[in-house]
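Structure, as structure tokens:
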Amino acid sequence: MSISMVMWFGLMLTVSTAWVVWYLKRPLNDNGLDLQHSNIELGRQKKAELQNDLDQGLIDKEQFDQAQEEISNTLALELEQANITTANDTRISSWIWLVIVLLLPVLSIYMYQQLTTFSPVSKAAKIDLPPLSLEQSVVKIKQHLIDNPEDVEALAVLGMSYYELGQTKKSLQTYEKAYQLDPKNPRLLVEYASTIVSANKDQFTDQSVVLIKQALEIEPNSPDALYLAGMFAVSAQDFVLAKGLWNKALNALPEGSQDRQALISILDELKRVESGQVDHTITINVSISNEILAARSADDYLMVYVKAAKGRPMPIAIQKLKLKDFNGQIVLSDMNSVMPTKLLSQHGDVLVVARLSKTGSAMSQKDDLQVVSGVVSVTDNPEITLNLN
Amino acid sequence: MLIEIGHFALILALVFALLQVVLPTLGLIKGNFALIQLSRPMLWMQFFWLLVSFAILMNAFVIDDFSVKYVASNSNTDLPSIFKMSAVWGAHEGSLLLWALILAGWSVAVSIFSKRIPNGVLNHILIVLGLISIGFLLFLLITSNPFERLDIVPLQGRELNPLLQDVGLIIHPPMLYMGYVGLAIPFAFVLSSLIRGQLDSTWLRWSRPWTLIAWAFLTFGITLGSWWAYYELGWGGWWFWDPVENASFMPWLVATALVHSLSVSEKRGAFKHWTVLLAISGFSLSLLGTFLVRSGILTSVHSFAADPARGVFILGFLILVIGGSLVLYAWRAPLMRSNNTFSWLSKESGLLINNILLVAAMFSVFLGTLYPLLLDSLGLGKISVGAPYFDAVFVPIMIPAVIAMVVAPFLRWKKDSLSRVIPLVKSIWLGVATLFVASFFITDNKFVLFAVFLFTWIVLHSLSLLVNRMRQNGSLGLAFIGMILAHIGIAVFLLGATVTTQLGIEKDIKMEIDKPVTIEGYKFIFKGVDSFKHQNYQGHKGRVEVYYDDDLIANLNPEKRQYVTGMPMTEAAIDPSLTRDIYIALGESLEGNAWSLRIYYKPLIRWIWLGGLLISLGALLAAFDRRYRAVQRLRVKS
């Protein structure tokens, strides 16, 4: 706490304590109103209002008499309930003085200290704010490092920022500095290794491998380290090792996390690579005549899909979009497959259909326009043109 | 450093709230007047430090002090100054600080303007208010500190939600909080009476004006919120049965029942159980509304916080307040006995029906709001309860309440007769006649016709009551005028809501330049869209000319904005009038120079808010009736 802050707090406490002491020594006057008399007076007012209602003809005499009696009964009940206690004593014993005069500052300062540490100040990185520009980040972090030259977290962030700015050499130098300060930080080791690999056009150097191994020695279940180690294994064509490492990483990741989903996709991809499976695509250029375009609305739907040349007519892969969003070409791939267990790449001979529909319904409607291609083979990655005219 | 002073001031406010409770309580136990009378000075000091704290936080916004996490999360340098100031209550922590400040403000008002309440009663009330303040200040300081600092200060803050960058935000939350928090006053009156074991005429008489003022603010705040949502959200709606809207509506329904119940209790000494329970319920629903919004259970435009720790704190506070109040009620229930009977046809029975229906309506809203949350929390799936449920359940309950509102003012206290009442309500035939006329010349929509009938009947009856009273009395009390105004306000609201809902038109249209479109006799000509850039946003502005009978009546400019942080916003263009609104929202760019626009025709929509204003005004007038201003001729105790 700075001296000026202490002075201000002292002033606030002095004013507060003085206020309490003042009103202890010069108590506010009682307004002299008594509850019983208040109720009696209100009873009188109600009777006066009742008389007024009778005079205006709002009630008759019988009702007036009954209501008057009720007012009296209510008042009697209220007076019966009243417990009159008087508080005449105005002396304050010395212990109360002591408690009040000491309690206020002690309690206030204690609470300030407790609440200030209880709600810790947050690091900027944890705040959900729009990120500073990278250049701004670099400036701010460098300023921070002047006073805190051994802040490893800040050095790591600086290293990443330099890399994003394309200043690879500075990035590596910064990471090296952080590494020298904290060679046992597994997250730092992985980041440093990852940067070295990226700087070397995705090639794993000896230094990067050493760093990954160090990270795994310190934290054998680190998902990041395991992932990077798996990538290294893949680069060395050791798919079995890669699968083992990535499955281990999968066990360390929480259910539903995005990283977990990404890793599952990578493992699927690895499976396909191992089995020799490759993604196939079909490129479809759809040409729509001017007459049709004029007759149709921009909100009409264009559906382009692939179905088996022989067998079930249901689409294998499909894209559906509004005419206004169509730029002339559609590429269908495994990503557009209707069923994940029957990918486009797993098929051979297919037909390609382009349908223009007002409703976008899966079922063909009366005024839909459709064109079907000849048989094409998926494995050829064909490019075809369909004319809607 | 100023921020730390603000933080310390908030802590001092809590300490004084503690002193406001502890010292007078000690004085009551020991019979020491010097300690008892400290309730008021301790309260005043609590208010002072809260004011300092609030002013410092507002200053932090104005000077762009992004070292404060709350400021950095809700403001940036491009924000216009007026919105920097109102951003103080634009999110969780600041709005809670406003809550605490307003509670202290209300308490100060009670302490100053209650010269006719015996100090013994007043001190108890202030102790109860102090307890509530302690709860909220602890909540603020422990879970929602607005003065939390950032280690690394960002150069730029995030932006205030564009939906809240509007003049509506400047007024709506403070007004709503005045109502919400104001319900703590009748609650404190009731609780102090229960604690003292004295449920007498004094607390009944003096709690009513405070209840009326709180109810007026709540009505005004809700009306303002509805108006703001209408023109700001770009959907043309005025009420969405949003959970947070419902959270303010439920205490309003209960407060409406309370002001009526208080009149019975004050005049006739009856309905004390109702009055006590309604006062407890009203404030409890305010706290519940706070819990619903702050805990993160809901997601809507109002939900600022998403921290379960906060929800747990409020839930605990809620249980303590409601549970404690009900225990006190159960303990003191025998004291509320009354031998004052009334006939089935009497003003009391009319107001009893009113209470029952309003509480039933509240429960219908309560169920619709909380049932989805309950199902979700039990893992039984997610359901959505919206307008169809509320329209089907709430509206049929309110119709008999409106009818009762017409008849009850004519009834006598205690006992009346059909032979006297029936001729007085004969203007129902005028209402029926109006209905037939409307069916020929205006519409055949049965809901609108029914609303026209009710409107005519209510207005005619209210005016006839006024005329009768003037003939008999020559002068009118503010309470009576307030009642008439509020009832007419209900009628105005009812007609506006029904007509706009039933006869309003909404069309999504593709508009091409200079190609007119006609809706309900209005011709719309789209003139194109221009790009623009403003202080903290850029976007597109449409130009639409509106003609009626070939006369140009409006040039409307709906906008689509993109704020600097990427948040998109629609600013509707409105041509307002008392008979109808023309409302246009800009859609998407289409091929060529065409754009999609949404055009609304909204007949009598402004009557909705006019009705709300009349109700608020009526309540305020009633609060200043001579009964509450007359000097009590009391004998000072010797």
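Read-outs throughout are calculated quantities, based only on the coordinates presented, and are distinct from any laboratory measurement. None of these values were measured; they are calculated from a predicted model. Cβ: placed from backbone, ideal geometry, glycine included. Neighbour counts: every protein chain shown.
Miscellaneous remarks
- Straight-distance candidates among the aspartates and glutamates for linking to A:Lys25, with alpha-carbon spacing under 18 Å and chain neighbours fewer than 8 residues away dropped: A:Asp89.
- Rounded FRET efficiency, nearest 0.05, which uses the C-beta distance separating B:Ser343 from B:Phe363 and R0 of 30 Å: 0.60
- Across A:Lys142/A:Lys177; A:Lys324/B:Lys541; A:Lys61/B:Lys415, pairs whose alpha-carbon gap is larger than 19 Å: A:Lys324/B:Lys541
- Proximal lysines relative to B:Lys84, as straight alpha-carbon distance under 18 Å, when same-chain residues fewer than 8 apart are discounted: B:Lys69
- Gap separating the Cα centres of region B:336-378 and region A:215-274, nearest whole Å: 61
- For trypsin sites (Lys or Arg not before Pro), the sites in region B:332-412 that DSSP calls loop and that have at most 16 other Cβ atoms within 10 Å are B:Arg337, B:Lys382.
- Residue order, fewest to most surrounding Cβ atoms within 10 angstrom, among A:Leu165, B:Leu43, A:Leu13: A:Leu165, A:Leu13, B:Leu43
- Model label points for B:Val312 and B:Ile63, set 7 angstrom from Cα along the Cα-to-Cβ axis, are 3.7 nm apart.
- R0 of 25 Å, Cβ-Cβ distance A:Thr14-B:Lys115: FRET efficiency to nearest 0.05: 0.20
- Residue with peak Gaussian network fluctuation, chain A [Cα springs, cutoff 10 Å], from A:Thr74, A:Thr168, A:Thr116: A:Thr74
- A dipole drawn for region B:1-143 from +1 and -1 charges on Cβ atoms has a positive end, and of B:Ile112, B:Met42, B:Ala87 the residue lying farthest that way is B:Ile112.
- Residues A:Leu58, A:Leu35, ranked from the fewest to the most other C-beta atoms within 10 Å, line up as A:Leu58, A:Leu35.
- Candidate cross-link partners of A:Lys213 among the aspartates and glutamates, defined by an alpha-carbon separation under 18 Å and a same-chain spacing of 8 or more, comprise A:Glu176, A:Asp182, A:Glu191, A:Asp202, A:Asp224, A:Asp238.
- Greater than 25 Å apart at Cα, pairs in A:Lys358/B:Lys527; B:Lys523/B:Lys602; A:Lys170/A:Lys248: A:Lys358/B:Lys527; A:Lys170/A:Lys248
- Gain upon complete extension [B:Leu380, B:Phe532; 0.36 nm per residue less C-alpha separation]: 49.9 nm
- Shape call, region B:314-453: gyration tensor on alpha carbons, a/c limit 1.5: oblate
- Under the shape rule built on the C-alpha gyration tensor, where the axes satisfy a ≥ b ≥ c, region B:1-150 is prolate, since a/c reaches at least 1.5 and a/b is greater than b/c.
- Rounded if a/c under 1.5, otherwise prolate or oblate - the protein assembly as shown, Cα gyration tensor axes: oblate
- Label-point separation in nm, A:Gln173 to A:Gln203, each point 7 Å along Cα→Cβ: 2.4
- Rg/Rh, computed from the Cα trace of region A:135-176 with Rh as the Kirkwood radius, has the value 0.94.
- Gaussian network model of chain A, Cα within-10 Å springs - most flexible of A:Leu50, A:Leu250, A:Leu302: A:Leu50
- Principal axis box of chain B, alpha-carbon based, largest edge first, Å: 88, 77, 52
- Nearest-ten-degree value, helix A:35-55 long axis tilted from longest Cα axis of chain A: 90
- FRET efficiency, A:Asp147 to A:Asn381 (Cβ-Cβ, R0 60 Å, nearest 0.05): 0.55
- Residue order, fewest to most surrounding Cβ atoms within 10 angstrom, among B:Tyr329, A:Tyr179: B:Tyr329, A:Tyr179
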